[in-house]
1. Just the residues that are of a type outside the set (Phe, Trp, Tyr) and either open to solvent by 10 Å² or more (accessible area, probe 1.4 Å) or in contact with a helix residue (DSSP H, G or I) (Cβ under 7 Å, 6 or more places away or on another chain) (or both), please, taken from segment B:26-41.
2. Show me the strands (runs of 3 or more DSSP E) entirely contained within segment B:131-231 in which 1 or more residues are farther than 30 Å from residue B:3 by Cβ, within 14 Å of another protein chain (Cβ to nearest Cβ) and at pLDDT 90 or above.
3. Given the criteria more than 21 Å from residue B:82 (Cβ to Cβ), among the aliphatic types (A, V, I, L, M) and more than 9 Å from chain B (Cβ to nearest Cβ), does residue A:162 qualify?
4. Give segment A:64-94 a look and list any residue that's assigned to a loop (DSSP other than H, G, I, E, B) and modelled with pLDDT under 95, or say none.
5. Looking at A:170, A:101, which is the one that is more than 13 Å from every other protein chain (Cβ to nearest Cβ), within 19 Å of residue A:267 (Cα to Cα) and surrounded by fewer than 16 Cβ atoms within 10 Å (Cβ to Cβ)?
6. With (1) within 30 Å of residue B:65 (Cα to Cα); (2) touching a residue at least 40 places away in the same chain (Cβ under 8 Å) as the list, and residue B:133 as the residue in question, which single condition is left unmet?
7. Go through segment A:141-159 residue by residue and tally those that are away from chain B (no Cβ under 11 Å) and either farther than 26 Å from residue A:107 by Cβ or among the charged types (D, E, K, R) (or both).
8. Could you look through segment A:205-225, keep only residues that are without any contact (Cβ under 8 Å) to a residue 60 or more places away in the chain and among the charged types (D, E, K, R), and pick out the one that is surrounded by the fewest Cβ atoms within 10 Å (Cβ to Cβ)?
Amino acid sequence: MSTAQGYNFAYLDEQTKRMIRRAILKAVAIPGYQVPFGSREMPLPYGWGTGGIQVTAAILGPDDTLKVIDQGADDTTNAVNIRSFFQKTAGMATTDRTREASIIQTRHRIPETPLVEGQIMVYQVPIPEPLRWLEPREGETRKMHGLAEYGVMQVKLYEDIAHYGHISTAYDYPVRVNGRYVMSPSPIPKFDNPKMDNSPALQLFGAGREKRIYAIPPYTRVESLDFEDHPFQIESWDQACAICGSADSYLDEIVTDDKGGRMFVCSDTDYCGERVAAGHTGEEQAA
Amino acid sequence: MNKLLQVTDLSKNYGSRIGCEGVAFDLYPGEVLGIVGESGSGKTTLLRCLSAQLEPSAGRIAYDMRTQGLTDIWSLSEPERRMLMRTDWGIVHQNARDGLRMEVSAGANVGERLMAVGARHYGNIRTEAEDWLTKVEIDTGRIDDLPATFSGGMQQRLQIARNLVTQPRLVFMDEPTSGLDVSVQARLLDLIRTLVNRLGIACVIVTHDLGVVRLLAHRLMVMRRGRVVEHGLTDQVLDDPQHPYTQLLVSSILPV
């Protein structure tokens, strides 16, 4: 596909890309540390993935294959539009297949298919500061990161247990990267937290409105915060996926009619489709 | 006995204005020092300097660190000083809202310092929090309630529990009883006195209420216009004031 006339490759000008790449290099050098960068106005509103798009634009090359997912699916509005944006401005290949992608931009999920070396995950982050909930002052949160004063993150989890009997934080669950910086993993479900630990892929996080970039280099330790007597746990379901029968993937509950009908299906559409193609079936198919 | 706190020639200027000037005193473990004076006399400035919330313009504040003896607190690195402030020291603010996290429960408020120094066992933190709520006479049934639902006196007691949970050796209190009605004040004073006596905590209390210092303080400093005008044992200063300003202050107490 030919690229749009009048735009630089991947929309951003080369100076901006250099600036973002420098921020990315710094972020990779200090895992989990939030690097400020000069976030640009993008042709879509804040909150729609401007941070992730800028990171993707800065690392994208003509030989890359891009996959964009929103809530695990490749065919939702946000994903379709970001993918076509890069098709128009960069003209590189795109895919729905996790295995074929060299760059995967996401907001809510990490694909179920294990990532491999050489792949890059780009997360769109709304609120990069995990301490913001208890400390509104930016100067103070930076100091707390600098001195590794992370007691208040524990206070947040304490509150969960005190009110609900268990750690009820289900997404954006705080993690400690490489034993040092506490980091907000963007709104992925805590189900995906273990996938970040020692991942062979490079993970980059971009927050456009908040103007921060941070990163987890490949094979880096990522621990979810918890208490000794309330250890970190991921979600589990009674059902398997109604379409592909997978019992170990993250399931979405879908209301099918107005009579209380509902089904549970894989949130990762590519993973689900691959399993169906390989002959797996769920109760929906079997019935 | 070793000095716990040694203050020499402490001054704080706000531009050309004087906050406090030439303050010097020693504080020993378990001792309660009262600082009195009218509004604007520099009491709170002095307390904020002493408790490392405000950097003094001149002078030295040395604290008896558990590991290294008397050390100038401004020669410590910032992490060391912040660690000192939330472990070996306590700071009780005049307004409980300044000292509490209003958006988390009472239990989390008490447990925060424990978690800050590395406690990671929910059950133990909670037991400790319940224990301290009992000590400051707050019903343990309110442990999961927000401090905003507490009365003024309860908030002040919660603030005290939150500070004492790490067993500090020195607590700074800025007008801990102002804004409370008389009977609640009396109960709070009684509580502070009992806790300070039982735990052997040294205390610096700033107040404009002479009744408070008579009840709590062993020694008294009277401040006026940023300077200490009289310094001595509490009963001595209150019963036989030497400085004209102290005489005025003592005679201004309304007889009941």
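The values are calculated or read from the model by the stated rules, or taken from the named source; none is laboratory data. Note that the structure is a prediction, hence the values are computed from the model and not measured. Using ideal geometry, Cβ is built from the backbone for each residue, glycine included, and neighbour counts are taken over all protein chains shown. Heads up: the accessible areas ignore ligands, DNA and RNA and are worked out on the full protein's heavy atoms, side chains in. Shrake-Rupley method; radii C 1.70, N 1.55, O 1.52, S 1.80 Å.
1. B:26, B:29, B:30, B:31, B:32, B:34, B:35, B:36, B:37, B:38, B:39, B:40
2. none
3. The answer is no for residue A:162.
4. Those that are assigned to a loop (DSSP other than H, G, I, E, B) and modelled with pLDDT under 95: A:71, A:72, A:74, A:75, A:76, A:91, A:92.
5. After ruling out the rest, the residue left standing is A:170.
6. Failed condition: (2).
7. 1
8. A:221
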